[in-house]
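Here's the structure, in structure tokens; my notes come after.
The values are calculated or read from the model by the stated rules, or taken from the named source; none is laboratory data. Everything numeric here is computed off the predicted structure, so don't read it as measured data. FYI the Cβ positions are ideal-geometry reconstructions off the backbone, even for glycines, and counts take in every protein chain you see. For the accessible areas, the whole protein counts, side chains as well, though only heavy atoms, and no ligand, DNA or RNA atoms are used. Shrake-Rupley method; radii C 1.70, N 1.55, O 1.52, S 1.80 Å.
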Amino acid sequence: MMEWTDRHCRFFHRLLTRRALLYTEMITTGAVLHGDRARLLAFDPAEHPVAVQLGGSDPEALAASARICADLGFDEINLNVGCPSDRVQDGRFGACLMAEPELVGRCVAAMKAAVAVPVTVKCRIGIDDQDPEQALEALTRAVEAAGVDALIVHARKALLAGLSPRQNRDIPPLDHGRVHRLKAAHQRLPIILNGGIASLDAAAGHLALLDGVMMGRAAYQEPWRLIEVDTRLFGEPASFATAKAAAAALIPHVERELARGTRLHAMTRHILGLFHGVPGARALRRHLAVHAVRPGAGAGVLADALALVHDGDLDLPRIVAA
Ligand SMILES: Cc1cc2nc3c(=O)[nH]c(=O)nc-3n(C[C@H](O)[C@H](O)[C@H](O)COP(=O)(O)O)c2cc1C
């Protein structure tokens, strides 16, 4: 998610769940091919498995970008066919590609020919006055014929004229049923549902019928939910017993990044929703809001903030010094 799932967010989320697949923000082929690649595509090996999402519609540029990303070690290459922003429409990619399934098929075929890792697509159920029954079916057939490894469907339309990107994430109604019908019609294609999945209970319900679920805002705004993903959905032990223990484990990463010149707030902004129903959570947010944004703020600010939260008995000063 743009401006949200940067490498600091992903590093933090990986502490919370070993098994969930993490996605980068969308990166355009122009940025991959001509931009500051080292910065835009940087990720920590600890983030694996991590997928990169590309924005573009030129098969050759997408193939070249996919190859660069695969060579850097990304575990999956995902093509964005769902973003409704004006900038993206000007570039003729994102959600407006729902109207060009044949082109999306060629993009997928070119990417598949370029890399050995899975190539996936994230789309909407339709745009504007398209009929979702036909539009999603046409897109699915095109990408399935091109060998796509999975299709992630944000289960609402995008309305390209008149709604902002933010409104396009809320106003067109969700239609999870459309995605369940798609799965029934395409049994062999892995289909992953996205949109409005707000809890692991809801995720588990869909997982009985689909191949995967993608959580967007709930994962970012309420990251405490991720601590139970490995136990609830994968039958494996959780990495941490408490949110506070998970946040404390972030401190060595924070210290490494501060030494490289990263600002503290760039990292701590991602943990603000971590504490749910825990005494001191508001005090932590207030502490970080005031102190983490200050130039030169150090890891001690995070340790002090965590000391305000009462859900564990960690010796934070010792962790900072370790
Ligand atoms: C701030 C923000 C940025 C987003 N950026 C992207 C993006 O780069 N690529 C993408 O496919 N979807 C993006 N989305 C959409 C989400 O991935 C997701 O499809 C949408 O929020 C619906 O899922 P949710 O209800 O679980 O959040 C973004 C959403 C938000 C809130």
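What the table below lists for this structure:
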item: Signed unit charges on C-beta, dipole axis of the chain, positive-most listed residue Ala246, Ala303, Leu182; result: Ala303
item: 5 angstrom amide H check on Leu54, placed H, neighbours 5+ away; result: Ile27, Asn78, Leu79, Asn80
item: Computed magnitude of the charge dipole of region 156-286 (debye, nearest 20; Cβ of K, R +1, Cβ of D, E -1); result: 500 debye
item: Sequence-distant lysines (8 or more away, or on other chains) whose Cα lies within less than 21 Å of Lys183; result: Lys122, Lys157
item: Dipole-positive endmost among Ile125, Gly205, Phe11 within the chain (Cβ charges, Cα centre); result: Phe11
item: Bridge type composition, the chain - antiparallel percent by DSSP, nearest 5; result: 0 percent
item: Spherically averaged projected area in nm², based on the convex hull that wraps the Cα atoms of region 231-296; result: 5.4 nm²
item: Sites matching trypsin sites (Lys or Arg not before Pro) across region 145-233 that sit in DSSP coil, with at most 15 neighbouring C-beta atoms within 10 Å; result: Arg166, Arg188
item: Relative contact order [Cα under 8 Å, 6+ residues apart], region 175-235, whole percent; result: 30 percent
item: Those aspartates and glutamates that a straight Cα-Cα span of less than 19 Å connects to Lys244, excepting residues fewer than 8 apart in one chain; result: Glu222, Glu228, Asp230, Glu255, Asp304, Asp311, Asp313, Asp315
item: Accessible surface of Glu255 - all protein chains present, 1.4 Å probe, nearest 10 Å²; result: 60 Å²
item: Net charge dipole size for region 34-160 [Lys, Arg +1 and Asp, Glu -1 on Cβ; Debye, nearest 20]; result: 140 debye
item: Between region 68-85 and region 204-223, the Cα center-to-center distance that results, in Å; result: 20 Å
item: For the chain, fraction of C-alpha pairs farther apart than 29 Å, in %; result: 40 percent
item: Using alpha carbons only: equivalent-ellipsoid semi-axes of region 116-243, gyration tensor based, whole Å; result: 27, 19, 12
item: Residue-averaged [θ]222 nm for the chain, counting only DSSP H segments that reach four residues, each worth -39500 (n - 2.57); result: -12000 deg cm²/dmol
item: Residue-by-residue Karplus 3J(HN,Hα) for region 206-216, coefficients 6.51, -1.76, 1.60, Hz, glycine and proline x; result: 5, 5, 5, 10, 10, 8, x, 10, 10, 9, x
item: Sequence of Phe12, Phe93 from largest to smallest accessible area, 1.4 Å probe; result: Phe93, Phe12
item: Rel. contact order, % - alpha carbon contacts under 8 angstrom, at least six apart, the chain; result: 14 percent
